[in-house]
1. Treat each spin label as a single point 7 Å out from the Cα along the C-beta direction, and report the residue 139 to residue 153 distance in nm.
2. Using Cα centres only, tell me the gap between segment 108-175 and segment 217-231 in whole Å.
3. Using a 1.4 Å probe on the protein heavy atoms, what percent of the accessible area of segment 104-146 belongs to carbon and sulfur?
4. Stretched out fully, how many nm does the piece from residue 70 to residue 262 gain, at 0.36 nm a residue minus the Cα gap?
5. Give me the extension gain from residue 241 to residue 425: residue separation times 0.36 nm, minus the current Cα-Cα distance, reported in nm with one decimal.
6. Just order 108-121, 174-187 by mean Cβ neighbour count inside 10 Å, highest at the front, would you?
7. Would you mind computing, in nm to one decimal, how far apart the modelled labels at residue 442 and residue 337 are, each placed 7 Å from Cα along Cα→Cβ?
8. Using 0.36 nm per residue, how much length does the chain from residue 127 to residue 380 gain when fully extended, once their Cα-Cα distance is taken away?
Amino acid sequence: MASDAPPLPSGPPLPPKSSNSTPYSSVQFLQAMPYSTVEKKGPFEGVRALMDAYVYGGQIPGAFGAVIKKGQTNPVFIYQSGWGDDNDTKLHGAYGEKALYRFFSMTKPIVSTVAMMLIEEEKLSLEDPVSKYIPAFKDMKVLSEDGTLRDAKSPMLIKHLLSHTSGLQYSFVGSPALTKYYEEQKLMGLSGLFAYTSEEFCERVAKVPLLFDPGAHFQYGVSTDVLGRVLEVIAKEPLSKILKTKILGPLGMDDTMFYVPKDKVPRVRKIWYAKPGFTGNETPIPGEEKCTERGLGSPTPLESGGGGLFSTGADYIKFMRFLLHGGEYMGKRLLSQKMFDVMTKTNALPKADLFESTRPDGLFRIKGATFNYMGSLTLNPALVAGSKRSGKGEFGWGGYASTYFQVDREKGLAYMFLTQLLPSSALPIRPQFKYAVHDAFDSMEKGGTEAKRSQQPAQTIAEQQ
């Protein structure tokens, strides 16, 4: 294994390596024979073998992966493999491009993009106070270190929602001192996110004290859910319709939705839950059994801007292509280059609160990275796990069920990994996948070519673009 590669996971033994197999790449992540539906040699063999090992090692139920290159119609790499929900021993494409996944927080970049579109249309401003659209957020209180409440020193602005510097948090992520306030408002856990309409949700959240003054620090939380409500107030229509009009429709993302109609429910992949040893099992996280089933066959009260979308690999490839081309898709510009750069290149965190910090109430702290107005932003690739080969300015985000995407415009590369495993911290597959993709892409650019494979996955995706 290369010295700068992320460490391999612990867990169940991988499939034995065949005596007639060959090394997968210079990275040599694995000692396992590739078993996927596309067993071909080439630069991406190491990526394919990595994903096979997770799937066939029993650590994840299946996966979809894609790598796209700027200027090329079809993805340069597609992976789709996994077990059926009945856990039989035969592959049947259950994790293909049309499978539906709970994208959770990969909803956020889509909502943030639409917010930037409204800013460009001068219907919204980064400097607008949130209370202009949701009056309940006026005169907010902050929880002091001694447990007392004080007046916030500054108003919460739209840019604070986009950068998660609003002082809001999730009930399950952040300071335990705020737990009792979330309990009082019946907002505990993921279930609390989907129990109310967006208007009711924001009214309740606004009664919870802030963790700090707006703009002072970073704290991951419900900021994008509040932003979704701001968009609804401006447009005077549900968030689903706003997203459809502004981004999902123009990109042809017809399988991206807040709830899944009954005829599409069979395409939704089942959630797996990690337990010690990273072995997949069917034991839900206590109290969240209903949450992971929400949106199946009937809508939920809240269309969560922070984590409510279902989508497919084929659909999100279109969104990645839009990002890779700087706000343009199939020759049509949806967001100006100037506004796109504001969204993706802005270092939106206070200098003392970059991801290099180790605040005890923090989450998603990443050395060498910061947050822009839609997700993580790489400042120093040498310090970010799996990023030593990525370009400065690479950006993206992930979802609670271990989904993940990144866009590296410096190299003209974008990639995603999809599965359904909770929580996302259970396995180190994200930095491993990131490293393997960059290693393969660099090899391809230096003269290697991906072996000719079954073109059906790439063609099918291309036909939808």
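The values are calculated or read from the model by the stated rules, or taken from the named source; none is laboratory data. Worth saying up front: this structure is predicted, and the values here are computed from it rather than measured. Here the Cβ is made from the backbone with ideal geometry for all residues, glycine too, and neighbour counts use every protein chain on show. Accessible surface areas use protein heavy atoms only, side chains included; no ligands, DNA or RNA. Shrake-Rupley method; radii C 1.70, N 1.55, O 1.52, S 1.80 Å.
1. 2.2 nm
2. 6 Å
3. Result for segment 104-146: 45 percent of the exposed heavy-atom area is carbon or sulfur.
4. Working: separation 192, 0.36 × 192 = 69.12 nm, distance 3.62 nm.
In short, 65.5 nm is gained.
5. Working: separation 184, 0.36 × 184 = 66.24 nm, distance 3.25 nm.
Gain on stretching residue 241 to residue 425: 63.0 nm.
6. 108-121, 174-187
7. Going by the 7 Å Cα→Cβ label model, 2.8 nm.
8. Between residue 127 and residue 380, full extension yields 88.2 nm more.
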